[in-house]
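This report concerns only the one structure given below.
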Amino acid sequence: MTALVENAWIVVAVPFAIALLVGVAGPLARRLVPWVTLVAPLCVLAVGVSGLVTEAEHAGAVRWLFGGEYALSFGWAVDGLTSVMLTVVGFVATMVVLFSIGYMHGETGLPRYFGSLALFTGSMALLVVADGLVGLFVGWELVGACSYLLIGFWYQKPSAAAAAVKAFLTTRVGDVGLLLGLALLWRETGELGYGGVFEAVETLAPAVVTTVAVLLFIGAMGKSAQFPLHIWLPDAMEGPTPVSALIHAATMVAAGVFLVARLWPVYEAAPSAQTVILVVGAFTAFASATIACAQRDIKKVLAYSTISQLGFMFAALGVGAWVAAMFHLVTHAAFKALLFLGSGSVIHATGTQDLREMGGLAKPMPITAWTWIVGSLALAGVAPFAGFFSKDEVIHAVVTHNVVAGVALFAASALTAFYITRATRLAFFGKYRGDGHPHEGGWVMSLPLVALAIPAAAAGFAGHKIAEHLGEHGEALNLPVAAASLSVALLGIVVGWTSYRDGAESEAAMESRMGGLWTTLRGAYGFDGFVGAVIVRPVVAISDWLYGFVDRKIVDTTVEGAGKSLPVIGRMLSVLQNGDAQWYAALIGAGAVILVALSLVVKGG
């Protein structure tokens with residue numbers, strides 16, 4: 001197994017090769033495309049598990065760009081943090097590809113879909129295994145491109161195409177911050193490899209370190225959908241549901257958390273940047289949880305839940321508890337991927353994403369129902385499921401350092417339990433309110449649900465082991481915090497269960513009782529509209545004016561006018577070419593007189 005760690009470059013090379021192979025597959029080979037694609041995440045999983053089992057560390061590099069005395073290397077390195085992330089990426093991606101075989105059956109463009117999944121897997125692995133910020137940035141941009149391709153897979157739908165563009169442009173805003181941070185770091189240190197950066201940080205002025213840390217965090221905000229760059233993620237639910245499970249719940253959106261954890265020595269030297277991270281994380285966790293409470297689309301409930309849980313992770317990073325943040329990243333990847341795939345199973349069976357058109361699905365879909373309940377209990381933070389242990393570490397770390405942020409996370413925990421219980425009751429209990437005959441999607445869709453339910457239920461007990469792999473000691477369960485966290489979770493479950501005992505009728509009653517607040521929450525506080533009115537529409541208007549007036553009337557008119565004037569000038573000059581020798585001699589004489597006169601003027605001056 002050590003050989004896999006020593007050749008960790010295969011986690012990039014194999015998925016990329018498979019993406020190319022799948023992309024050029026002919027009609028006869030297309031039935032094999034989904035199964036061939038499975039090799040990509042299994043390769044990543046194998047390297048990750050090998051690193052965890054053997055606890056081996058290895059690094060390698062090749063020269064990439066060079067000129068004169070300067071050379072830019074492209075390297076890879078495997079350590080405990082890398083192994084943990086590769087295991088998460090590989091396991092979730094394997095389950096998603098397997099689930100997709102059933103979920104996407106009958107769709108057109110499957111080579112494009114599975115090729116994009118393989119490309120994403122390799123890109124995410126590159127981001128994780130890179131030994132410096134250059135490789136990380138390349139992987140960072142590639143996963144963004146794959147996200148664009150997969151969100152817009154059904155590009156014939158205007159809403160899917162618009163969502164893909166929105167996701168791409170919004171995350172690019174964050175990436176500008178990331179790129180500026182890298183540029184500043186290079187200018188100040190001449191280093192972008194992790195080792196060189198960590199050594200140089202101690203010599204930098206505090207203001208420079210803080211600026212670099214904040215700029216890099218802006219990139220993390222975009223990729224991990226933190227306020228105010230969160231608006232792309234709910235719309236990204238326009239993509240196929242397995243894509244939501246892989247990219248927008250478990251792996252790509254966690255890249256921002258991984259970035260901060262990987263560069264922890266930089267953030268450790270920038271306490272002001274940590275404060276920014278804490279404020280953004282705690283606010284995002286609470287605000288997104290409130291929005292999730294009123295969503296009717298089952299996938300949007302999970303989308304805002306993802307934004308909220310990422311906020312928990314960033315809040316932990318903001319108080320220095322990066323190990324707790326990574327622990328919650330691992331457990332969240334399991335139970336949120338499970339919930340998204342569970343929602344995919346429901347959508348596949350019912351043909352709708354509207355919770356009001358579901359109900360009573362526990363009887364015809366018992367595997368989906370019970371695995372969904374496991375994921376819901378883990379998300380709510382109920383013992384002994386995985387989320388209970390990781391969320392306890394996060395809340396304990398935050399409340400110890402900042403009471404206000406800790407209270408915000410407690411409130412977010414109660415809301416989390418409420419909205420996932422609401423979604424559970426509306427979807428799986430009561431009477432079925434839709435059309436048709438819901439049923440399970442077959443073993444190829446059920447197996448990933450069962451496989452993900454296992455870590456969603458039990459991964460919490462691996463907290464100390466995960467901490468050891470990260471080079472730290474695990475925190476013991478804090479009983480007062482754990483009791484308080486469990487209490488608010490149970491309170492949220494009770495309120496959610498009793499409030500929706502009448503199904504869709506309860507939803508209507510809740511809207512009537514809450515009035516404008518429920519409408520405001522469903523509209524995500526109108527932030528999308530605010531961004532559209534204050535940023536998007538003015539930018540579009542200015543762009544239209546620049547195109548219509550500056551580009552078309554000034555630039556184009558000047559260029560086109562120059563082209564049209566040349567024939568006119570040519571015709572005027574052609575009059576001089578009349579074949580009369582005396583006329584040519586007169587012109588030469590006139591020219592000579594003019595040149596002599598000019599030379600005298602210049603000499604006199």
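The values are calculated or read from the model by the stated rules, or taken from the named source; none is laboratory data. Only a predicted model underlies this, so the values are computations on that prediction, with no experimental measurement involved. In this analysis, Cβ positions are derived from the backbone assuming ideal geometry, glycine residues included, and neighbour counts consider all displayed protein chains. Areas reflect the complete protein model, heavy atoms only, side chains present, ligands, DNA and RNA absent. Shrake-Rupley method; radii C 1.70, N 1.55, O 1.52, S 1.80 Å.
Dividing the radius of gyration of the alpha carbons in the chain by their Kirkwood radius gives 1.13 for Rg/Rh. Largest first, the residues ILE291, ILE367, ILE594, ILE493 sort by 1.4 Å accessible area into ILE594, ILE367, ILE493, ILE291.
Could you give the longest part of the chain that holds none of the GluC sites (Glu not before Pro) found in DSSP loops with at most 16 neighbouring Cβ atoms within 10 Å? Spell out each step's value before the answer.
Details: sites that count: GLU55, GLU57, GLU69, GLU107, GLU202, GLU472.
My reading of the result: 203-471 is the longest stretch.
Using the Kirkwood formula over every pair of different C-alpha atoms, what hydrodynamic radius in Å results for region 469-568?
On the way: mean 1/r = 0.0485 Å⁻¹.
Across region 469-568, the inverse of the average 1/r is 20.6 Å.
Its Cα gyration tensor gives region 154-307 an equivalent ellipsoid. The semi-axes, each the square root of 5 times an eigenvalue, are 32, 17, 12 Å from largest down.
Among the listed pairs LYS300/LYS431; LYS157/LYS553; LYS157/LYS431; LYS157/LYS223; LYS391/LYS465; LYS336/LYS363, which are separated by more than 26 Å between their Cα atoms?
Working: LYS300/LYS431 22 Å; LYS157/LYS553 35 Å; LYS157/LYS431 32 Å; LYS157/LYS223 24 Å; LYS391/LYS465 16 Å; LYS336/LYS363 23 Å.
Pairs exceeding the cut-off: LYS157/LYS553; LYS157/LYS431.
To the nearest 10, the accessible area of TYR584 is 80 Å² with a 1.4 Å probe. Taking 19 Å as the straight-line reach from the Cα of LYS564, the aspartates and glutamates in range (excluding those fewer than 8 positions away in the same chain) are ASP551, ASP556.
Starting from the residue with the highest accessible area, list MET124, MET572 in decreasing order, probe 1.4 Å. If you can, show how the numbers build up before the last one.
Working: MET124 0, MET572 130 Å².
Of MET124, MET572, the descending order of accessible area is MET572, MET124.
Expressed as a whole percent, the accessible surface of region 171-302 that belongs to carbon and sulfur atoms is 66, based on a 1.4 Å probe.
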